[in-house]
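**Q** Shown below is the structure under consideration.
Quick note: the coordinates plus some simple rules give every number you see, no bench work behind them. Just so you know, these numbers come straight off a predicted model, no measurement behind them. As a convention, Cβ positions derive from the backbone with ideal geometry for all residues, glycine included, and neighbour counts pool all protein chains shown.
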Amino acid sequence: MKFLLSNFGQKSVLPSPVNAMTSAFTHTFREGIDINLGVGYVNNTTIPQDTLLACFEQVLQQPHIYRNPLNYGAAAGSPNLQEAIQQYYIANNSLQTADFKNKSIIIGANGATSILDAIADVLQPGIVITADPMYYIYTETLERKGFTILAIPEDEHGIQVDILREKLKGVSPQEISFFYIVTINNPSTTQTSNARKQEIVQLATELSAQRGSNIPVVFDKAYEDLLYDTSLEIPQSPLLYDKVGLAIEVGTLSKIIAPALRIGYAICKTSELSTVLIQRMSDIGFSAPLINQEIAACFLHNYIQEHRARVLEVYRHKAQCVRHAIETHLAPYIERIDGGKASFYYYLTTKNTDTHTQSDFYKFLSRTTGIDEIDKNTENNARLIYVPGEFCVHQQGFMVQQGQRQLRISFGFEENETLERAIILMREAFEYSTMKKRK
Ligand SMILES: Cc1ncc(COP(=O)(O)O)c(C=O)c1O
């Protein structure tokens, strides 16, 4: 007999394509042989284990500052952490004390993901405007929750507002639910320029006025803390351009401190929407574990600047090593390399090799060619997982053809020698695909 599932439940029965792909792989993953460049894990050496331990002790030893840290917390989040996040913004010149007037800093029950999820829960389903390629994890969740994705291609400054304006001619503002802008995009790593952020807020302001109610603009700045190429523009908070109160800036400490702390936050104008989001945090789990919030507050107050400099150095170096390996081993096959300036992804466009899950390239790297010599379970036949572009581009969008020959590789987790081994494996996969095409 079947269970009576909600609409959302029914759509969640089958795992998402990415989950299906990674779980097939992780079941038989051979440590030290197979390589996973698909996951967005941070590098373990960037996680400040000893300092976090010191913060844990300080939190427990200072009950006058950190009250009841092992008890339940309040849904709105720890005041210590809210204050530490505010100081972090001010120290990085993104906002000043006065900018926080009438703003709420909401702490997610479980990372930025829980805030994004809550936003989808409390807004009327409709069209979500985002970039193409898109952050496939969230957009997939949104689709299951009944939203429709309008994915707009990027130029070097972010989503192309002129194309979006053109597209919107056929759309009533009533149909729009919200904007979702990943400011250092995942997967493409495109940085949304400050001018483009301003244009997007301006457009949302116009559309809101037309329909007589606010259209929120969610700016997900997950990777802004990992911007290590000093030629890039220093990002400004979009809250600076937002006169009406449409912008919600979502951040996370996952990438810069430790994902397992599960600390994400949103900053927005105090409004009905911020109240509703806080209620949703309470529904999901009362608050993020208070001890983690206090450890994070202590860390931000005392150690973040020095730590961040070190993290940026680690990723800058890794990005250089991987780019060098790509240029050395893959040059004949690659049309375009995006990445290596911020975050820990490269998004590659091949010249004419397909990368989707039915392609020879993919089959070679997942050892599912049907040719015993390639697929045999030996140490020499390492398997490699990456995120095919087909999962990142919108299937009814502008980039669908290009996505067939794109791929995202993450260089966060694996060490540099392994990354070079991975690139060499990719070259073998390119050679194999070329050979198959000739036949
Ligand atoms: C664009 C983007 N937003 C949000 C998240 C999730 O952040 P958190 O770990 O705080 O849930 C990720 C994680 O990879 C991400 O890539």
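**Q** Which of rounded, prolate or oblate describes segment 59-130 when judged by the alpha-carbon gyration tensor and an a/c cut-off of 1.5? Spell out each step's value before the answer.
**A** Numbers: a/c = 2.77, a/b = 1.39, b/c = 1.99.
Note, shape of segment 59-130 comes out oblate.
**Q** Would you be so kind as to identify which of 230, 286, 213 lies farthest towards the positive end of the dipole of the chain, taking Lys and Arg as +1 and Asp and Glu as -1 on Cβ and the Cα centre as origin?
**A** Value: 213.
**Q** Around residue 221, what is the net charge, scoring Lys/Arg as +1 and Asp/Glu as -1 over all other residues with Cβ under 13 Å from its Cβ? Write out the running numbers ahead of the final one.
**A** Values: positive: 197, 255; negative: 220, 224, 225, 249.
Net local charge, residue 221 excluded: -2.
**Q** Do you know the relative contact order of segment 205-282, to the nearest whole percent, from alpha carbon pairs under 8 angstrom that are 6+ apart?
**A** Details: 83 pairs, mean separation 20.6, N = 78.
26 percent.
**Q** How much length is gained if the chain between residue 47 and residue 328 is pulled fully straight, taking 0.36 nm per residue apart and subtracting their Cα-Cα distance, in nm to one decimal?
**A** Numbers: separation 281, 0.36 × 281 = 101.16 nm, distance 3.03 nm.
Working it through step by step, the gained length comes to 98.1 nm.
**Q** Right, something else. Quick check on segment 49-302: take the gyration tensor over C-alpha atoms, sort the square-rooted eigenvalues as a ≥ b ≥ c, and tell me if it's rounded (a/c under 1.5), prolate or oblate.
**A** Working: a/c = 1.93, a/b = 1.61, b/c = 1.20.
The shape class here is prolate.
**Q** Considering Cα pairs under 8 angstrom that are at least six residues apart, work out the relative contact order of the chain and quote it in whole percent. Please list the in-between numbers first.
**A** Working: 767 pairs, mean separation 101.6, N = 439.
Reported relative contact order: 23 percent.
**Q** Less than 15 Å Cβ to Cβ from residue 435, Lys/Arg counted +1 and Asp/Glu -1: what total charge do the surrounding residues give?
**A** Working: positive: 363, 427, 436, 437, 438, 439; negative: 354, 360, 373, 428, 431.
Every neighbour counted, the sum reads +1.
**Q** Could you give the distance between the Cα centres of segment 404-439 and segment 324-354, to the whole Å?
**A** Their Cα centres are 10 Å away from one another.
**Q** Taking residue 436 as the anchor, which lysines have their alpha carbon closer than 17 Å to its alpha carbon, excluding any fewer than eight residues away along the same chain?
**A** List returned: 351, 363.
**Q** Work out, in µm²/s and without decimals, the Stokes-Einstein translational diffusion coefficient of the chain at 20 °C, 1.002 mPa s, Rh from Kirkwood over C-alpha pairs. Don't skip to the answer; put the middle values down first.
**A** Values: Rh = 22.9 Å.
The calculation lands on 93 µm²/s.
**Q** What's the local net charge at residue 377, with K and R +1, D and E -1, over the other residues with C-beta under 11 Å away? Numbers along the way, then the final one.
**A** Details: positive: 30, 367, 376, 383; negative: 34, 372, 375, 379.
Value of the local net charge: 0.
**Q** For 267, 90, what's the fewest-to-most ordering of other Cβ within 10 Å of each Cβ? Write out the running numbers ahead of the final one.
**A** On the way: 267 26, 90 14.
Ordered by Cβ neighbours within 10 Å, fewest first: 90, 267.
**Q** So how far, in whole Å, is the C-alpha centre of segment 243-305 from the one of segment 13-53?
**A** If we compute the Cα centre of each part, the gap is 24 Å.
**Q** Next question, about the same structure. Lone cysteines in the chain, defined as no other cysteine's Cβ under 4.7 Å from theirs: which are they?
**A** 268, 321, 392
**Q** Hey, what do the phi angles of segment 278-283 turn into as Karplus ³J(HN,Hα) couplings, whole Hz, using 6.51/-1.76/1.60 and θ = phi - 60°, x for Gly and Pro?
**A** 5, 4, 5, 4, 4, 4
**Q** Would you list, by chain and number, the aspartates and glutamates whose Cα falls below 19 Å from the Cα of residue 167, excluding same-chain residues fewer than 8 positions away?
**A** Of all the aspartates and glutamates, those that pass the test against residue 167 - Cα under 19 Å, at least 8 places apart if same chain - are 132, 154, 155, 175, 199, 206.
**Q** Further question on the same structure: Taking a ≥ b ≥ c as the square roots of the Cα gyration tensor eigenvalues, with a/c under 1.5 meaning rounded and otherwise prolate when a/b beats b/c, else oblate, which class fits segment 368-439? If you can, show how the numbers build up before the last one.
**A** Values: a/c = 2.26, a/b = 1.28, b/c = 1.77.
Oblate is the answer for segment 368-439, as a/c is 1.5 or above yet b/c matches or exceeds a/b.
**Q** May I pose another question? In degrees between 0 and 90, to the nearest 10, how far off the longest principal axis of the chain does helix 49-61 point, with axes built from Cα atoms?
**A** 20 degrees
**Q** What does the charge dipole of the chain about its Cα centre add up to, to the nearest 20 debye, if the Cβ of each Lys and Arg holds +1 and the Cβ of each Asp and Glu holds -1? Mind dumping the intermediate values first?
**A** Working: 40 positive and 47 negative charges, 137 e Å.
Rounded to the nearest 20 debye, it is 660 debye.
**Q** Assuming R0 = 25 Å, what is the FRET efficiency of residue 65 and residue 260, from their Cβ-Cβ distance, to the nearest 0.05?
**A** Values: r = 23 Å, r/R0 = 0.93.
For residue 65 and residue 260, the calculated efficiency is 0.60.
**Q** What nm distance separates the two modelled labels at residue 12 and residue 98, each placed 7 Å from Cα along Cα→Cβ?
**A** If labels sit at residue 12 and residue 98, their model points lie 4.5 nm apart.
**Q** Choose one of 326, 394, 258: the residue whose Cα lies farthest towards the positive end of the charge dipole of the chain (beta-carbon charges +1 Lys, Arg; -1 Asp, Glu; about the Cα centre).
**A** Most positive-ward Cα: 394.
**Q** Counting each DSSP H run of 4 or more residues in the chain as -39500 (n - 2.57), what helix-only mean residue ellipticity at 222 nm follows after dividing by all residues, to the nearest 500 deg cm²/dmol? List each step's numbers first, then the result.
**A** Values: 15 runs with 180 residues, N = 439.
The helix-only estimate for the chain comes to -12500 deg cm²/dmol at 222 nm.
**Q** Right, another one. Treat the count of other C-beta atoms within 10 Å as a stand-in for reagent exposure and order 155, 360 from fewest to most. Intermediate values should be presented prior to the final figure.
**A** Details: 155 13, 360 19.
Listing 155, 360 from fewest to most nearby Cβ atoms yields 155, 360.
**Q** Which order do 64, 157 fall in if you start with the one that has the fewest other Cβ atoms within 10 Å?
**A** Details: 64 5, 157 17.
Ascending number of Cβ neighbours within 10 Å: 64, 157.
**Q** For residue 341, go through the lysines and keep the ones whose alpha-carbon is under 16 Å away, minus same-chain ones fewer than eight residues off.
**A** List returned: 221, 255, 318.
**Q** Let me ask something additional. So if I place +1 on the C-beta of Lys and Arg and -1 on the C-beta of Asp and Glu, and nothing else carries charge, what would the dipole magnitude of segment 145-211 be about its Cα centre? I want it in debye, nearest 20. Please list the in-between numbers first.
**A** Numbers: 7 positive and 8 negative charges, 53 e Å.
That gives segment 145-211 a dipole magnitude of about 260 debye.
**Q** Which residues among segment 158-190 fall inside the zone where the amide N is under 19 Å from a point 7 Å beyond the Cα of residue 206, along Cα→Cβ?
**A** 158-181
**Q** I need the phi-derived Karplus couplings for segment 69-77: 6.51 cos²θ - 1.76 cosθ + 1.60, θ = phi - 60°, integer Hz, Gly and Pro marked x.
**A** x, 9, 9, 5, x, 8, 4, 6, x
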